[in-house]
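Worksheet: one structure, shown below.
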Amino acid sequence: MLATRHSAFLFSVSTIVIFYGYIYLFFENEKLRALGAAIIPLVGGTVCCVWLLKAYRVISSKERNFWLLISIGVMFYVLAYVTWLLSQIIYRNIEYPTVASLLWILAYIMFLIALGYKIKIAINTYTVNSRYLFNIIIFMIIAITISFHYLIIPILVESDTLLSINFGTLAYPVTNLGILFTTIFLYYLTQNKREKNFISIIILAFLIQIFADSIYVYLMLTNSYILGAWLDPIWLVSILTIGVTSFYARAYARNSNTEKQNKQQDNNVGVIFPYMCVVLLLVLVLQSYDWDLNLLSIGLIVTFFMIIGRQLYVLKRNQNLVKQYRYLAYHDPLTGLKNRTKFREDLKQIMDIAKQTENAVAIILLDLDRFKTINDTLGHYVGDTILQVASIRLRDSAGENNSIYRLGGDEFVLLLSNSTESSCVLTANKILKAFEEPFQVANRDITVSPSIGISMYPENGEDSITLLKNADAAMYLAKENGKNNYKFFNKKLNEDINRKMLIENELRKAIPQNQLRLVYQPKVELKSRKTYGMEALLRWDHPSLGTISPTEFIPLAEETGQIVKIGEWVLKNACNQMKIWHEKGYDSLCVSVNVSAVQMQHSDFIQMVKEIVNEINIDPKYVELEITESIMQNTKETVEILHEIKAIGIKTSIDDFGTGYSSLHLLKVLPIDTLKIDKSFIEDTSDVRNLSMVKTIIDIGKNLDMRVVAEGIEHEKQIQSLLKHHCDYGQGYYYAQPLPAQDIEKLLISGELMMKA
């Protein structure tokens, strides 16, 4: 029966049109008019009840009980009209019988219970907004005030005694106030957009009912109500609207499992709503006011003071929010210390005062040593706990007059006003002592030390950026000098920083401006004195800075990542030179190139090596890559890379063996072809311990089937000692200094360097 929303809407409209048409046709005939006023709502209510019961059967969630309660309410509505119709047929009485009035009141009560049930579900689903509750209270005060002033009090006044009050007439405005409250509350509670659409229709239905009831009570009070006239169809409009809403509810129930909850955003209507209500009440007060205190003016006073109280509450809450936001803006949430923003502001203020008083200001910057390793290995919980405990230790050791800030990560800074160098030393020593005790976190004892850098205003800088930068430079100097100590920023450190920055910037231009060059040092078979290979060494000739040592610019290139491009340039040029030598008849000559750990860890390293070998078209067996022991820190990755290099056909060697991270286990698993003994072991051939180390390294290399090369040979005695211990290869100034390629060729041509066949 009328299974679609469209057909239900057409039925509802047609019924109301027929109802008004019937009233128009039989308006003069009171009995026929009353008969139609009972039959048409009876039919419409019955159809509406069927719609609601179908919604109850279709909907499977808790919502179905809401529609059952609404259905029961409509049943009472239908029964009331059945009672009235029977009264007309049997008793020929067109007035509403008492039983019918009671059934209508029961219908209203069921509607109220249904709405209350719906509110209970909504409260469990959505968060109640305090502003909405305030708006509802304001609205209900005004609604109650108007209802009592215009409806309820007139009913009480017209009753001769309390016992003779027309309880049926009085019940309508009372129950309607309850329905009005629950509908408005329900509207504000509902935050899902689609559900709010059909809730709005339900609210509209009950508002229509409240409107009709209010007019009915007013007409009854003025003795102007006409039975079965234009007012009666409005009640039917309310009932049919509720019925049509059930179709929307069914559609929502089908889609609710796949639809996400969309919360309504606050809007201007919600803000101005209570003020609009007060203005309405003010208009009614002015219209009805006779210089006596009445219910309307009391309601106006109550709402006025409520709005004033609400505004005071909002102002207070906003003040608290501003305080919270200001705290969050200037404090670190993890440690509770002041943050970088606050540090800059405070430092500027203190420096402004120091300018006037000619006092010194110091900043002590500290960084926790090994913190990243701890954070990565033990987890962020342990790291965060260490930061919190570290902040407490800093507070205890810094003193009350010094401000402490967390700049981010594991960096902290202390701001010392009216400071001297001696007071800075005292504070730094207190901090170092405070960190001597291990941190106890997650049943572990973890030792964390700080590295401290100190800069002072005005001698080390006259603005916060410069002071912080200089303190940072001093801190890194402390790290380079063994960590767990402090360093002051000084003139030499400033010169070193400026030179470092200059070199970093100029290094970017080195390749494009052809400032780099390669020199070659021969590698010799000790017994035959014949050359079997060359080690390519990088040199940088700057037009204004002169020749810059590799020990100065290579670490900086690694730090900035420029070593990747530089390393590619070195390998390509060294391979090109080797091909030239091969074409000139020195076809047994091999070349070795130093490779940084940073290069090898780059994702394109292996591909880059392959492309150079293929591009130059050389035999990879004549290429050797020299790596330092530092790359052995990451064993798994190193083994994989070295195996890929070996698969290309390129040889590898460990440079400066014995000075870094070597272990016998790693030597066994790494596919290494050559060990190079660091020159520090052969400098003093009279030192028995040195010779013992040399012999051990040689034995290890030979037992692992590796070539052993001694570096730094400078005199004959070293050669004899090495031969005695069965070392077969070496290189050093004794044979030749690192020379340009053309000078190496001259030595080869002259015979001063003999080639191994």
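The values are calculated or read from the model by the stated rules, or taken from the named source; none is laboratory data. Treat the numbers as computed from the prediction; the structure is a model and nothing was measured. For neighbour counting, all protein chains shown are included, and Cβ atoms are generated from backbone atoms with ideal geometry for every residue, glycine included.
Worth pointing out:
- Checked across region 498-511, the condition of being within 30 Å of Leu426 (Cβ to Cβ) and in contact with a helix residue (DSSP H, G or I) (Cβ under 8 Å, 6 or more places away or on another chain) holds for no residue.
- Scanning region 517-531 for residues that are in a strand (DSSP E or B) and surrounded by 18 or more Cβ atoms within 10 Å (Cβ to Cβ) turns up Leu518, Tyr520, Gln521, Pro522, Lys523, Val524, Thr531.
- Of the criteria (1) of a type in the set (A, V, I, L, M); (2) outside any strand (DSSP E or B); (3) farther than 18 Å from Pro738 by Cβ; (4) touching a strand residue (DSSP E or B) at 6+ places or on another chain (Cβ under 9 Å), which one Leu571 fails: (3)
- Residues in region 424-480 that are crowded, with 17+ Cβ neighbours inside 10 Å, among the aliphatic types (A, V, I, L, M) and in a loop (DSSP other than H, G, I, E, B): Val448 only.
- Within region 497-538, the set of residues being closer than 30 Å to Met475 by Cα, touching a strand residue (DSSP E or B) at 6+ places or on another chain (Cβ under 9 Å) and of a type in the set (A, V, I, L, M, F, W, C) comprises Ile503, Leu507, Ala510.
- Within region 430-453, residues that are free of Cβ contacts under 8 Å to residues at least 40 places away in the same chain and in the same structural domain as Ile386 (by TED's automatic domain parsing) have Cβ atoms under 9 Å from residues that are in a loop (DSSP other than H, G, I, E, B) and of a type in the set (A, V, I, L, M, F, W, C) in these pairs: Pro438/Val448; Thr447/Phe435, counting only partners at least 6 apart in sequence or on another chain.
- Looking only at region 600-641, residues that are at pLDDT 90 or above and under 24 Å from Gln521 (Cβ atoms) come to 13 in all.
- Condition check for Trp581: in contact with a Leu (Cβ under 9 Å, 6 or more places away or on another chain), assigned to a helix (DSSP H, G or I), at negative phi and modelled with pLDDT of 90 or more: yes
- Among the helices (runs of 4 or more DSSP H) confined to region 151-256, the ones with at least 3 residues that are of a type outside the set (A, V, I, L, M, F, W, C), at pLDDT 80 or above and farther than 30 Å from Thr125 by Cα are located at 193-221.
- Residue check for Gln737: assigned by TED's automatic domain parsing to the domain that holds Lys523 and within 18 Å of Lys530 (Cβ to Cβ): no
- Flag for Thr385 being in contact (Cβ under 8 Å) with a residue 24 or more places away in the chain and surrounded by 19 or more Cβ atoms within 10 Å (Cβ to Cβ): no
- Selected residue (criterion: surrounded by the most Cβ atoms within 10 Å (Cβ to Cβ)) from residues of region 532-546 that are among the hydrophobic types (A, V, I, L, M, F, W, C) and within 25 Å of Ser588 (Cα to Cα): Met534
- Under the condition of being surrounded by fewer than 20 Cβ atoms within 10 Å (Cβ to Cβ), touching a residue at least 40 places away in the same chain (Cβ under 8 Å) and not polar (S, T, N, Q), the residues counted in region 212-236 number 7.
- If you go through region 419-460 and pick out every residue that is on the phi > 0 side of the Ramachandran plot and small (Gly, Ala, Ser), you end up with 1.
- Residue satisfying all of: in region 399-423; charged (D, E, K, R) and surrounded by 18 or more Cβ atoms within 10 Å (Cβ to Cβ); nearest to Leu334 (Cα to Cα) among these: Arg406
- Criterion applied to Ser588, Ser549 was being in contact (Cβ under 8 Å) with a residue 60 or more places away in the chain and surrounded by fewer than 20 Cβ atoms within 10 Å (Cβ to Cβ), and the one residue passing it is Ser588.
- Any hit, region 535-554, residues being touching a Leu at 6+ places or on another chain (Cβ under 6 Å), more than 22 Å from Glu506 (Cα to Cα) and among the small types (Gly, Ala, Ser): yes
- Strands (runs of 3 or more DSSP E) enclosed by region 633-745 - at least 3 residues per element that are over 48 Å from the mean Cα position of the chain (by Cα) and surrounded by 14 or more Cβ atoms within 10 Å (Cβ to Cβ): 674-677, 707-710
- Of the residues contained in region 259-272, none is found to be outside any helix (DSSP H, G or I), in contact with a Lys or Arg (Cβ under 6 Å, 6 or more places away or on another chain) and either modelled with pLDDT of 65 or more or over 27 Å from Phe66 (Cβ atoms) (or both).
- Meets criteria (on the phi > 0 side of the Ramachandran plot, touching a Ser or Thr at 6+ places or on another chain (Cβ under 7 Å) and of a type outside the set (A, V, I, L, M)) for Lys483: yes
- Within region 428-435, at least one residue is over 25 Å from the mean Cα position of the chain (by Cα) and within 27 Å of Leu328 (Cα to Cα).
- Restricting attention to region 50-78, the residues that are among the basic types (Lys, Arg) and within 44 Å of the chain's Cα centre (by Cα) add up to 2.
- Here Trp569 clears all of (1) touching a helix residue (DSSP H, G or I) at 6+ places or on another chain (Cβ under 8 Å); (2) surrounded by fewer than 20 Cβ atoms within 10 Å (Cβ to Cβ); (3) among the hydrophobic types (A, V, I, L, M, F, W, C) except the condition numbered (1).
- Taken as a whole, the condition of being touching a Ser or Thr at 6+ places or on another chain (Cβ under 9 Å) and either under 17 Å from Ile612 (Cα atoms) or of a type in the set (Ser, Thr, Tyr) (or both) does not apply to Asn573.
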